[in-house]
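Reviewing the structure listed below.
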Amino acid sequence: MQEDHYPIILAPADGATFVPPASSRKGKTKKKGPSELIAFSRLHRLGLRSLQADVCVKISGHNYEPDMAFVDVQRGIGIDIEVDEPYSVSGHPSHYIDANGQDKDGRRNELFWQAGWWVVRFSEEMLFRHPKQCMRVISEVMVQAGAIEQMPEAAEGIQEPEPQPRWTEQDAWRMKNSRYRRTYLGFDPMMKSANDYLCCTRLALPILWQSFTDKQIRKEFGKQLRHFFLH
């Protein structure tokens with residue numbers, strides 16, 4: 001199960017039984033990075049306030065934590081939304097197609113697919129450069145999944161994003177060496193320079209303001225602050 005371009009959209013397997021999120025948050029350990037929080041806040045600002053960032057799903061004995069998710073347990077609808085960066089904070093390549101042509105995330109995608117979930121993957125760059133177009137894609141998937149009856153007015157007239165090719169491990173190393181994430185984030189999560197901190201502060205200000213009226217954003221922003229000051 002492999003797609004060569006972003007966005008990646010996978011519908012649930014035919015006849016799959018929906019596996020709901022764990023009712024308890026126990027076992028949830030993932031610490032979201034600043035780019036995930038920024039993406040989450042922007043999608044909320046664009047009207048997708050039903051998205052959650054604290055979902056944990058247990059599949060085949062393992063806990064999986066979507067970057068973002070839409071969940072309607074009563075109707076058996078789950079949409080896993082992932083934001084794929086080319087390399088991690090530690091500088092290691094991520095979300096790539098390996099030398100054998102295998103998708104590094106293929107097994108995870110398949111597990112969600114078999115568990116009755118939709119899977120939507122954007123590149124980090126796509127979501128940061130074209131958030132409205134990505135909002136349109138998510139809205140279309142929500143219609144297909146039966147989560148909403150029709151496209152929201154905010155998504156009408158917006159074009160879908162241009163497809164972006166997947167990267168290889170070699171591509172990811174090149175992007176890491178050139179600090180490519182800085183070109184669209186404004187900062188590189190690997191770096192800790194004064195300019196990077198200044199840029200993060202500027203990006204945090206609208207999220208802080210948003211947190212006063214959005215409970216989900218307030219919760220995730222609080223987690224990010226605690227992680228920053230305690231590590």
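The values are calculated or read from the model by the stated rules, or taken from the named source; none is laboratory data. Bear in mind the structure is a predicted one, so any value in this text is a computation, not a measurement. Counting neighbours? That spans all protein chains shown, and the Cβs are built from the backbone with ideal geometry, glycine included. Note: accessible area is taken over every heavy atom of the protein model, side chains too, but ligands, DNA and RNA are not part of it. Shrake-Rupley method; radii C 1.70, N 1.55, O 1.52, S 1.80 Å.
Taking the listed residues 44, 95, the one that is outside any strand (DSSP E or B) and out of contact with any strand residue (DSSP E or B) (no Cβ under 8 Å at 6 or more places or on another chain) is 44, with no other qualifying.
Considering the range 38-53, and only residues there that are open to solvent by less than 10 Å² (accessible area, probe 1.4 Å) and in contact with an Asp or Glu (Cβ under 9 Å, 6 or more places away or on another chain), the residue that is nearest to residue 23 (Cα to Cα) turns out to be 53.
Of all residue pairs spaced 6 or more apart or on separate chains, those with beta-carbon atoms under 8 Å, a first member in the range 134-162 that is of a type in the set (Ser, Thr, Tyr) and a second member that is in a loop (DSSP other than H, G, I, E, B) are 139/48; 139/148; 139/151; 139/152. Residues considered: 12, 34. Of these, the only one that is at pLDDT below 95 and either basic (Lys, Arg) or out of contact with any His (no Cβ under 7 Å at 6 or more places or on another chain) (or both) is 34. Just one of (1) of a type outside the set (D, E, K, R); (2) open to solvent by 10 Å² or more (accessible area, probe 1.4 Å); (3) under 13 Å from residue 6 (Cα atoms) fails for residue 159. It is (3). The residues of the range 132-168 that are of a type in the set (S, T, N, Q) and under 17 Å from residue 8 (Cβ atoms), listed by number, are 133, 139, 144, 164, 168. Residue pairs whose Cβ atoms lie under 6 Å apart, separated by 6 or more positions or on different chains, with the first residue in the range 39-57 and over 18 Å from residue 84 (Cβ atoms) and of a type in the set (Ser, Thr, Tyr) and the second open to solvent by 10 Å² or more (accessible area, probe 1.4 Å) and part of a strand (DSSP E or B), are 50/70. Checked against the criterion of being open to solvent by 100 Å² or more (accessible area, probe 1.4 Å), of a type outside the set (D, E, K, R) and out of contact with any Phe, Trp or Tyr (no Cβ under 6 Å at 6 or more places or on another chain), the candidates 201, 183, 213 yield just one match: 213. Regarding residue 174, is this residue more than 27 Å from residue 77 (Cα to Cα), among the basic types (Lys, Arg) and more than 20 Å from the chain's Cα centre (by Cα)? Yes.
Candidates in the range 79-92 are the residues that are in contact with a helix residue (DSSP H, G or I) (Cβ under 8 Å, 6 or more places away or on another chain) and in a strand (DSSP E or B); of these, the one that is farthest from residue 177 (Cα to Cα) is 79. Can you name the residue in the range 57-87 that is small (Gly, Ala, Ser) and farther than 19 Å from residue 8 by Cβ and, of all such residues, is surrounded by the most Cβ atoms within 10 Å (Cβ to Cβ)? This residue is 76.
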